[in-house]
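> I am attaching a structure below and will ask some questions about it afterwards.
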Amino acid sequence: MRRVTCSRSGVRKLEVAIVAPSFQIPGGYSVQAAQLLHAWDADPEVHAWLVPTNPALPRLLQRGSRLKAVSAALGGVTYAASLLRSLARADVVHAFWPTDSSFLAAALPVMAVARAHHRPVVLNVRSGEAAAHLARSRFARRWIARARTVVPSKFTADLVRRVGLDATVTPDVIDVNRFAFRERFPLSPRLLSTCALTTFEDVACTLTAFKAVQREFPEARLTLFEAGVAGRALRELIDELDLRHVACLDGVAPEDVPHIYAGHDIYIRSSQADTTPFLEAFASGLPAISIGPDVDRRMLRPCRPGLLACANDPSSLAEALFYLLNDPHAARAMARSAHESMQQHTWSSLRDRWLEVYRSVLCQPQLAGAKASR
């Protein structure tokens, strides 16, 4: 039986099932899902709930390596049952596609169950890696054409459009009140890099750039947040590069994340996998460095939100770091500009945009399981 949620005025609310990882899996997907769930809580027009892609299992199945295969199998069965049950009572399915997972494993099950229930899908694609996957898979493109694709940036939208699909830009949401803004002047060489959903090659690029910085600034420190992505291989590379003052943090509680940003001066990430950590850095007052496509050793001008370096080029990343450390005035201007841009990421600025996205898919029968054009 389909549950009906009403507001105080008696008007029926829009039922939205948000399919995403829970906080047990670190990364921008779980953070953004949690932000949306919190924002929609007690909203007069929308009732949203989480359908976790990593459903909790009994403690007995979470213990012991001998039960890992059984645990994974039962997790899949539990997830499938949860999809069948939860999506049936939704008006709209809002699914996050973690692009470190394949389309067949992550997005297709949600879209297939939603289609079986004749429910429209809003597919949240969060990185350029998705566009690369779509370019290789005609099957994935045909399925995603049946959903409303939402991306957090114009950059990602352009990549998705290059493969012949439409995309709506809706920026990420951040609760700026969780993070204390502080100007760093001058900057100290205390670097932070989040590794969740980042490949080993990306982290290796950051470590190699840090080695160049540590030659000039022996006191430089680097913290790899959620460094479990590479595990033992990452620590072996740290030893191989003879790096000092490198800390790896895993299993950090969400409420402790703002304190981690507060203890550092520069945010660096040699990956385009997620935008949420950059917003958290901007809200905290850290100037940030990322990589960009077709960047030929040209960095963004001062007073822009951050610097862009060449992809897969440690020397370019190191150059960006030296730029910030040697020009504290430019670094401060960037941090101020980035913090000012946070207004467009507040819920008061984005609430109506998300509501319009949800309402729009209800008006498109082809997104709700009607016969799709090929």
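The values are calculated or read from the model by the stated rules, or taken from the named source; none is laboratory data. Fair warning: this is a prediction, and the values are worked out from it, not measured in the lab. Positions of Cβ are backbone-derived with ideal geometry, glycine not excepted, and every protein chain shown enters the neighbour counts.
> Working only within segment 165-199, note down all residues that are in a loop (DSSP other than H, G, I, E, B), without any contact (Cβ under 8 Å) to a residue 40 or more places away in the chain and in contact with a Ser or Thr (Cβ under 8 Å, 6 or more places away or on another chain).
Passing the criteria: Leu165, Asp166.
> Give just the number: which of (1) at pLDDT below 90; (2) under 26 Å from Leu362 (Cβ atoms) does Ile25 not satisfy?
(2)
> Now for a different question. Among the residues of segment 231-255 satisfying the criterion of being under 17 Å from Ser22 (Cα atoms) and not aliphatic (A, V, I, L, M), which is modelled with the highest pLDDT? Outline the logic, then answer.
Keep residues of segment 231-255 that are under 17 Å from Ser22 (Cα atoms), which gives 250-255.
Subset that is not aliphatic (A, V, I, L, M): 250-251, 254-255.
On the way: Asp250: 78, Gly251: 75, Pro254: 82, Glu255: 87.
Of everything passing the filter in segment 231-255, Glu255 is modelled with the highest pLDDT.
> Further question: For Val121, are the conditions met, namely being in contact with a helix residue (DSSP H, G or I) (Cβ under 7 Å, 6 or more places away or on another chain), buried (at least 21 other Cβ atoms within 10 Å of the Cβ) and farther than 28 Å from Leu279 by Cβ?
So Val121 fails the test.
> Ser290: modelled with pLDDT under 90 and either surrounded by fewer than 16 Cβ atoms within 10 Å (Cβ to Cβ) or not in a helix (DSSP H, G or I) (or both), yes or no?
It is true that Ser290 is modelled with pLDDT under 90 and either surrounded by fewer than 16 Cβ atoms within 10 Å (Cβ to Cβ) or not in a helix (DSSP H, G or I) (or both).
> Mind listing whichever residues of segment 73-90 are in a helix (DSSP H, G or I) and either among the basic types (Lys, Arg) or crowded, with 21+ Cβ neighbours inside 10 Å (or both)?
Kept after step one, since they are in a helix (DSSP H, G or I), are these residues of segment 73-90: 73-87.
Answer for segment 73-90, where residues must be in a helix (DSSP H, G or I) and either among the basic types (Lys, Arg) or crowded, with 21+ Cβ neighbours inside 10 Å (or both): Leu83, Arg85, Leu87.
> Among the listed residues Val93, Val113, identify the single one that is assigned to a strand (DSSP E or B), modelled with pLDDT of 90 or more, touching a Lys or Arg at 6+ places or on another chain (Cβ under 9 Å) and crowded, with 16+ Cβ neighbours inside 10 Å.
On inspection, the qualifying residue turns out to be Val93.
> Residues of segment 138-164 being of a type outside the set (A, V, I, L, M, F, W, C), over 26 Å from Ala116 (Cβ atoms) and part of a helix (DSSP H, G or I), which ones?
Lys154, Thr156, Asp158, Arg161, Arg162
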